[in-house]
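Scroll down for the structure; my scribbles are underneath it.
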Amino acid sequence: MKALAGFTATVKSLTNVVIALLGLGIVVSLLGGNVPFVGGIADNIVGLVQGLGDAGIVGLIA
């Protein structure tokens, strides 16, 4: 049980780091223009949402 709690805590902390980096990448790409490591994040997210919208999944989630 202790191992599962440790694994869950690790997954939560990694998820928090990924979400923070994603938010930072979006802000930098919107403000900075063409940055080599974060270029196209906003475009990729818009494309993903449009693809889900075409499949009708966004309506189910909302």
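The values are calculated or read from the model by the stated rules, or taken from the named source; none is laboratory data. What you see is a predicted model; the values in this text were computed from it and never measured. Every residue, glycine among them, receives a Cβ derived from its backbone with ideal geometry; neighbour counts consider all protein chains shown.
Within the range 28-41, does at least one residue satisfy the condition of being modelled with pLDDT of 80 or more and surrounded by 12 or more Cβ atoms within 10 Å (Cβ to Cβ)? The answer is yes; a qualifying residue exists. The residues listed here are ILE45, ILE19; of these, the one that is surrounded by 11 or more Cβ atoms within 10 Å (Cβ to Cβ) and not hydroxyl-bearing (Ser, Thr, Tyr) is ILE45.
So, ALA5, is that one among the hydrophobic types (A, V, I, L, M, F, W, C), part of a helix (DSSP H, G or I) and more than 15 Å from the chain's Cα centre (by Cα) or not? Yes: the conditions hold for ALA5.
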